[in-house]
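Input: a single structure, listed below in C-alpha cells.
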Amino acid sequence: MNLRLFSSTRAIDLLLLLACIVGFFLLISEQSHLSQRQLLYKGITSRYGEMDVGDETDFVVKYVPSNSPHGFSWRVFCPANLQVQREAWSGATNSSSEANALFTNSSSKEIYHSVSFEFLEGYCQANVSGMGGSTTHKFGSVQLGLFLESHWTELKFELLGSDGPVRISSEQTVPLFNMQIPDSLRDTFEREVDEVFREDFQENSLFQIWFGTPAAFAGQNGETNP
C-alpha cells in the first residue's frame, strides 16, 4: 500500500516538474518574441517619431515601409480596454482558410503590425504578426505559389494608411491589407494556375487582413465581407 502511494506521489511530482519545465521554456520564448518586437518598435519610433493620435478613443493606423521585399508593416494605435479582432483569409470570401486572432488592451498603446510572405519549396506562406500575436497562412497550391513569386511586382496591393494616418472608430471593421490580381494579369493567372486551384479566387482578391472590435464584426453578419 505504501509502495503504491509512493509511486503515485512520484509520478505526480514528475508530471509537475515536466509542466514547470515546459512552462519555463514557453515563457522564455514569449519574452524573447516580446523583446524582439520592443526593439523593432523602438527602431520605428526613432526613425519616424511618435504618432500623434489626438483623441485616444479611436484607432489610428499608419503604414510604414518594410525592410522585407515581400513584407508590409503598420503602426496601429489601439485605445484602452477594447477587444480587438483580427481576421486574415485568402480568396474573395472568408470561406477559405482563415487565420484569426483576438486580444484586449488594458491600456492605450501603439502596436507594430506586419505581414510577410515567404516562398518555400514552391509554396507561398503568409506570416501575420502584431495584434493578437502571430498566425500563419499557407496557400495550398504550388502553382499558386509559383504564380505569386513570379508576378509579385505585377500584383496590386491596397495598404491602409499608405497616404497618411487613418482614424477609425470602434464601430468599424477595416481592411488593413488586400493583395489582388490586377485585370491585366487575370489571363496569365488562369493560364498558369489550374481551375481547381482557382476556385477560391473567382474575384481578384488573393489575401486580406481586416481588424476591428468583435462587436463591429458581429454587426457585419449577413452583409458583404467581412
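The values are calculated or read from the model by the stated rules, or taken from the named source; none is laboratory data. Since the model is a prediction, treat every value here as computed from it, not as a measurement. Every residue, glycine as well, gets a Cβ built from its backbone with ideal geometry; the counts of neighbours run over all protein chains shown.
Quick rundown of the values:
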| quantity | calculated |
| --- | --- |
| Entirely in region 127-192, the strands (runs of 3 or more DSSP E) that have 1 or more residues that are among the charged types (D, E, K, R) and in the same structural domain as Ser90 (by TED's automatic domain parsing) | 133-138, 156-159, 166-168 |
| Residue, modelled with the lowest pLDDT, within region 72-99, restricted to residues that are in a loop (DSSP other than H, G, I, E, B) and either crowded, with 22+ Cβ neighbours inside 10 Å or over 16 Å from the mean Cα position of the chain (by Cα) (or both) | Ser95 |
| Contacts under 7 angstrom Cβ, first residue in region 113-131 being acidic (Asp, Glu), partner assigned to a strand (DSSP E or B), 6 or more apart | Glu118/Gln125; Glu118/Asn127 |
| Hits in region 100-132 (condition: small (Gly, Ala, Ser), over 19 Å from Val64 (Cα atoms) and within 16 Å of the chain's Cα centre (by Cα)) | Ala101, Gly132 |
| Filter pass, Tyr112 being surrounded by fewer than 19 Cβ atoms within 10 Å (Cβ to Cβ) and among the aromatic types (Phe, Trp, Tyr) | no |
| Test: residue in region 102-110 that is polar (S, T, N, Q) and modelled with pLDDT of 95 or more | no |
